[in-house]
Structures are given as structure tokens and as C-alpha cells.
Amino acid sequence: MRRPFVCGNWKMNQSLTLTRDFFTALGRESVPSHVQLGIAPVALHVTTAVAATNDQTVEIGVQDCHASESGAHTGDLSAVMARESGATFAIVGHSERRQNHKETSEVVAAKARAAQAAGLTAIVCVGETLAERQANQTLDIVSAQVNGSLDGVDRSQVVIAYEPVWAIGTGEVATPEQAQEVHAAIRQQLGADRANIRILYGGSVKPANASELLSCEDIDGALVGGASLDATSFAAIARAAPASAEA
Ligand code: PGA
């Protein structure tokens, strides 16, 4: 059984006040206990978010971490520091990091290993661009990213997020068939560990499309950007997750 996981990625959004307000508002929403919830605010707000969750069962994570524990890396933060601040997971290899910060799958794997060494769950993101999809390269690209980004990574502490780049922040969502096809291919590739590893879908997930996506056999949750900024829509997405994803 794979417990559904609905995780918000706030990117560079939400002030300190809005961060606190979000958790107050989420406390008024009904959220199902069978779903694991996570929010990755900006790293500066992690401690505030951890305090604001009170006893709500929402895990707080970071959107990135460095592969080293400490050192001369201006502007970066380490997984150990994230853990000390109360984070329990780290998103690594988001396409915005791969594109804007030229992160290769090799770098992403090093970050995932560092996250795990610090006691964090690593959420490893993969996904093809529009040009790659149009050139029929989706499965090859994603397969290469999964392969490279999981190098040396402990598969018992990893979550994979399939996020087609063309669906992120565009309002254009993959159809359940398109998403399921890639999720199934990723699962196939995971070999002996395939039954237990959760694979999340990300890219313009919102309350209106969450149910059909989350009902797909190999979709075990969602990584949500824009729609996670509002507690009501985030909770609605969580409620759309079916009671259990069978292994
Ligand atoms: P979106 O972002 O839901 O705003 O498309 C998803 C993501 O980038 O994780």
C-alpha cells in the first residue's frame, strides 16, 4: 500500500504573514487522515511554518538543498540545516532548478543523497519539455532522468515526482492517460522497489482535475504549485486522493 502524498511547492511565494495565515486556514478545513500532507515554503519561512502547523499533520520541507553539509556555498543551504529547522523532506531536481540553475541529474542525485543522509525524504523531480514530448522523446528523457537522479539514492526513502515541464504553471495539465503512461513506465523502471515507491504527478494540479489524476493506478499523489497557496484548494486536492493506492 502506498499512502497518498499531496505536497505543496510554494516556490518563491507567500510572505511570512501569508504563511501563518495559510496554516490557520488549513486548520479549519477537513483533510483526510489517509493522505500525507506536505508544504515546502521558502526556506527562510520553514521554522515559522513548522511552528504554525501546531499539531496539524502537515510536514514541512525545503524546495532544494546543497549536496554538501557546509562550506563556501554562498546563498545555499544544507540538508542538515533544513532538518535542524524542522524540515522532513527536500524537493530536489525541480525543473525550475534544472533549467535556471543548470542542475544535471548527477547533481540532483548528489542532493538527494545528502537529503537522505540528513534524515530527509528526497522528492526527486523529473519531466520532459514540450519540445521533447513533441519529438516523441518523453519516455527516453524521463527514463534517463530517473536513472541518473537515483544514482546511489536509497529507494526506501525516496518519492518521485513526474512533472511535465510544459504543464507547470501553464494551466495546461497532462491528461490522466498521458500522466499514467509515464508513471507506469517509471514504475516499471524501478525494478524490485517498484511496489513501494510513490510517484507523484505535478503540473497545474487543481481541485477540478485532481480526482481524475489521483485515481490513476500509478499516480500516488500530487506535487502542487499554484493551487497549494490557498488552503481551501490545497485541502480540496487532498480530499480528492483515493483512500489507498494499492501496491
Ligand atoms: P503548478 O506547479 O502546480 O503551479 O503547475 C507545480 C510544480 O512546479 O511543482
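The values are calculated or read from the model by the stated rules, or taken from the named source; none is laboratory data. Everything numeric here is computed off the predicted structure, so don't read it as measured data. Please note: Cβ atoms are built from the backbone with ideal geometry, for glycine as well, and neighbour counts cover all protein chains shown.
This table checks each residue for (1) among the small types (Gly, Ala, Ser); (2) surrounded by 19 or more Cβ atoms within 10 Å (Cβ to Cβ).
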site: Gln63; (1), (2): no, yes
site: Ser68; (1), (2): yes, no
site: Ala79; (1), (2): yes, yes
site: Leu120; (1), (2): no, yes
site: Ile123; (1), (2): no, yes
site: Ala131; (1), (2): yes, no
site: Ala135; (1), (2): yes, no
site: Thr138; (1), (2): no, yes
site: Val142; (1), (2): no, yes
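Residues in region 177-213 that are within 16 Å of the ligand (Cβ to nearest atom) and either in contact with a Ser or Thr (Cβ under 7 Å, 6 or more places away or on another chain) or touching a residue at least 12 places away in the same chain (Cβ under 8 Å) (or both): how many? So that I can check it myself, show each step before the final result.
Here is the first cut: in region 177-213, the residues within 16 Å of the ligand (Cβ to nearest atom) are 178-179, 182-183, 198-213.
This time we only want the ones that are either in contact with a Ser or Thr (Cβ under 7 Å, 6 or more places away or on another chain) or touching a residue at least 12 places away in the same chain (Cβ under 8 Å) (or both), so: 178-179, 182-183, 198-207, 209-213.
Number satisfying all stated conditions: 19.
Before we move on, is Ala222 within 11 Å of the ligand (Cβ to nearest atom), within 25 Å of Thr104 (Cβ to Cβ) and assigned to a strand (DSSP E or B)? Steps first, answer last, please.
Values: within 11 Å of the ligand (Cβ to nearest atom): yes; within 25 Å of Thr104 (Cβ to Cβ): no; assigned to a strand (DSSP E or B): yes.
No; evaluated as a whole, the condition is false for this residue.
Taking the stated definitions as given, is Leu37 in a helix (DSSP H, G or I), modelled with pLDDT of 95 or more and not charged (D, E, K, R)?
On the way: in a helix (DSSP H, G or I): no; modelled with pLDDT of 95 or more: yes; not charged (D, E, K, R): yes.
Taking the combined requirement at face value, the residue does not satisfy it.
Return the total of residues in region 225-247 being hydrophobic (A, V, I, L, M, F, W, C) and within 12 Å of the ligand (Cβ to nearest atom).
First pass over region 225-247, keeping only residues hydrophobic (A, V, I, L, M, F, W, C): 227, 229, 231, 234-238, 240-241, 243, 245, 247.
Then keep just the ones that are within 12 Å of the ligand (Cβ to nearest atom); that gives 227, 229, 234, 237.
Selection size over region 225-247: 4.
Between Val173, Val146, which is of a type in the set (Val, Ile, Thr) and either in contact with a strand residue (DSSP E or B) (Cβ under 6 Å, 6 or more places away or on another chain) or modelled with pLDDT of 95 or more (or both)? Even if it seems obvious, please write down each step before you answer.
Working: Val173 fails: either in contact with a strand residue (DSSP E or B) (Cβ under 6 Å, 6 or more places away or on another chain) or modelled with pLDDT of 95 or more (or both).
Residue meeting the stated conditions: Val146.
Based on what the data block shows, is Glu132 modelled with pLDDT of 95 or more, within 16 Å of the ligand (Cβ to nearest atom), part of a helix (DSSP H, G or I) and charged (D, E, K, R)? Break it down stepwise before answering.
Working: modelled with pLDDT of 95 or more: yes; within 16 Å of the ligand (Cβ to nearest atom): no; part of a helix (DSSP H, G or I): yes; charged (D, E, K, R): yes.
No: the conditions fail for Glu132.
Under the condition of being in a helix (DSSP H, G or I) and touching a Gly at 6+ places or on another chain (Cβ under 9 Å), which residue from region 40-61 is surrounded by the fewest Cβ atoms within 10 Å (Cβ to Cβ)?
Taking region 40-61 and keeping what is in a helix (DSSP H, G or I), we get 43-52.
Filter once more, keeping what is touching a Gly at 6+ places or on another chain (Cβ under 9 Å): 46-47, 49-51.
Working: Val46: 24, Thr47: 15, Ala49: 26, Val50: 18, Ala51: 12.
This residue is Ala51.
Just wondering, is there one or more residues in region 82-95 that are within 24 Å of Asp154 (Cα to Cα), within 15 Å of the chain's Cα centre (by Cα), assigned to a helix (DSSP H, G or I) and touching a residue at least 12 places away in the same chain (Cβ under 8 Å)? First the steps, then the outcome.
Pass one, region 82-95, residues within 24 Å of Asp154 (Cα to Cα): 82-95.
When the remaining residues are screened for being within 15 Å of the chain's Cα centre (by Cα), the result is 87-95.
Pick out the ones that are also assigned to a helix (DSSP H, G or I) and you get 95.
With touching a residue at least 12 places away in the same chain (Cβ under 8 Å) added as a condition, the list becomes 95.
Taking every residue of region 82-95 in turn, at least one turns out to be within 24 Å of Asp154 (Cα to Cα), within 15 Å of the chain's Cα centre (by Cα), assigned to a helix (DSSP H, G or I) and touching a residue at least 12 places away in the same chain (Cβ under 8 Å).
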